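Novice: Let me begin by handing over the structure; questions about it come next.
The values are calculated or read from the model by the stated rules, or taken from the named source; none is laboratory data. This structure is a prediction, so every number in the text was calculated from the model and none was measured. Cβ placement follows ideal geometry from the backbone for every residue including glycine, while neighbour counts extend to all protein chains displayed.
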Amino acid sequence: MVDCGAVTSASNGKPEPRGVLSVPVPTPGVVMPTISFMLESVIALLLTGLIVFSFRDLLLDHAELSVFVLPISVGLHGKVSAAISSSLASGMPLRLDDWLAVVWQACLSDSWMASCTGLFYAFVACFLPRFSTQVGLIVAIALPIVACWRIVLAGLFPLLTVRLGLDPTATATPLMATVGQASGLFLFFSLARVLLHVMPAFK
């Protein structure tokens, strides 16, 4: 025999009849960040797709360049943006010396890692016939420039959002995920195309 007695609701402590399904209703504070994240992801994917399509001839000739799309997305730009945004949101005055110190240290760290990535690829390409040493050296030059570009953007976006009267902690990260990612990818492929015409092929 099924017990149809009352059960206690976890939300208000009042008894509810058994068998009544209680579905929690999402609050606007939960729904809006989810919608914002989805919209941000769609815009970033669209911009990335447009840039890759515009450089399709370059990628068809040098498909190994697509391997370095992921390293463009990683780095210290997220930490730089978060540190500057939290400082501005807390009302602390941000001096130019402090801003330059944060950006400079992040640029040095990311540039070193990016250069090592390209040089390691060029070293491995010396022993693999289907890999290009030329592309490895190009990546060692282009990736540090792109890394510094993204870090400078990560430092400027919080200042721009404050100037526009927006919350830097809520707007700087979406800007980096869309504008920062797309501009970094465009800069990387543009530099690769120019350097491929300037730098001689080794094999």
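Novice: Given the criteria at pLDDT below 80, over 23 Å from the mean Cα position of the chain (by Cα) and in a helix (DSSP H, G or I), does residue 122 qualify?
Specialist: yes
Novice: Another one. Name every residue in the stretch 130-160 that is within 16 Å of residue 62 (Cβ to Cβ) and either touching a strand residue (DSSP E or B) at 6+ places or on another chain (Cβ under 8 Å) or touching a residue at least 24 places away in the same chain (Cβ under 8 Å) (or both), in order of residue number.
Specialist: Across the stretch 130-160, the qualifying residues are 131, 132, 133, 134, 135, 137, 138, 139, 140, 141, 142, 143.
Novice: I need a count of the residues in the stretch 161-181 that are of a type outside the set (Ser, Thr, Tyr) and free of Cβ contacts under 8 Å to residues at least 24 places away in the same chain.
Specialist: Result for the stretch 161-181: 6.
Novice: Does residue 2 count as surrounded by fewer than 16 Cβ atoms within 10 Å (Cβ to Cβ), touching a Lys or Arg at 6+ places or on another chain (Cβ under 9 Å) and either over 30 Å from residue 143 (Cβ atoms) or at pLDDT 65 or above (or both)?
Specialist: Answer is yes for this residue.
Novice: Looking for whichever is in a loop (DSSP other than H, G, I, E, B), surrounded by fewer than 18 Cβ atoms within 10 Å (Cβ to Cβ) and either at pLDDT 75 or above or of a type in the set (Lys, Arg) (or both) here; the options are 166, 108, 100. Which one fits?
Specialist: Testing whether each residue is in a loop (DSSP other than H, G, I, E, B), surrounded by fewer than 18 Cβ atoms within 10 Å (Cβ to Cβ) and either at pLDDT 75 or above or of a type in the set (Lys, Arg) (or both) leaves just 166.
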